[in-house]
Amino acid sequence: MAGFLIFYKRISGEYQVIEFDGEDGHREALRERLRLESDARFADGDIEIAALSSDSLDSVRKTHSRYFNGEKAQFIEQNDNGDGR
């Protein structure tokens, strides 16, 4: 099942979605969220990071619509290895 990592800035409503395709996509999304929990860039508490499993991004938009009310933003590069590059 596909996994989705959502970065959501609580104050401004900005968001970013990274999709993890494939059979283990949901596991990859969760592993990435757990890795990022200790990242200093997200330590201030204003940015929420959620890992969700779903059959499609459209489904996630319906079930978790609060994450999609603001503007798209980029908090992290999709291939970020944790050092900001």
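The values are calculated or read from the model by the stated rules, or taken from the named source; none is laboratory data. None of these values were measured; they are calculated from a predicted model. Positions of Cβ are generated from backbone atoms using ideal geometry, with glycine treated the same way; all protein chains shown enter the neighbour counts.
The number of residues in the stretch 32-65 being at pLDDT below 90 and small (Gly, Ala, Ser) comes to 4. The set of residues in the stretch 1-27 that are closer than 22 Å to Lys72 by Cβ, out of contact with any helix residue (DSSP H, G or I) (no Cβ under 7 Å at 6 or more places or on another chain) and not basic (Lys, Arg) comprises Phe7, Ile11, Ser12, Gly13, Glu14, Gln16, Ile18, Asp21, Gly25. Residues of the stretch 28-58 being in contact with a helix residue (DSSP H, G or I) (Cβ under 9 Å, 6 or more places away or on another chain) and among the polar types (S, T, N, Q), which ones? Hits for the stretch 28-58 are Ser53, Ser54. When the stretch 66-83 is limited to residues that are under 17 Å from Glu28 (Cβ atoms) and among the acidic types (Asp, Glu), the one that is modelled with the highest pLDDT turns out to be Glu77. Of all the residues in the stretch 11-27, those that are touching a strand residue (DSSP E or B) at 6+ places or on another chain (Cβ under 7 Å), in contact (Cβ under 8 Å) with a residue 24 or more places away in the chain and surrounded by fewer than 11 Cβ atoms within 10 Å (Cβ to Cβ) number 0. Scanning for something crowded, with 18+ Cβ neighbours inside 10 Å and among the polar types (S, T, N, Q), does the stretch 50-65 turn up at least one residue? Yes, the stretch 50-65 contains at least one residue that is crowded, with 18+ Cβ neighbours inside 10 Å and among the polar types (S, T, N, Q).
Figure legend. Inter-residue proximity from the stretch 51-72: first residues in contact (Cβ under 8 Å) with a residue 60 or more places away in the chain and closer than 19 Å to Ser12 by Cβ, second residues among the polar types (S, T, N, Q) and surrounded by 11 or more Cβ atoms within 10 Å (Cβ to Cβ), beta-carbon distance below 8 Å, spacing 6+ or different chains. Indicated pairs: Gly70/Ser12.
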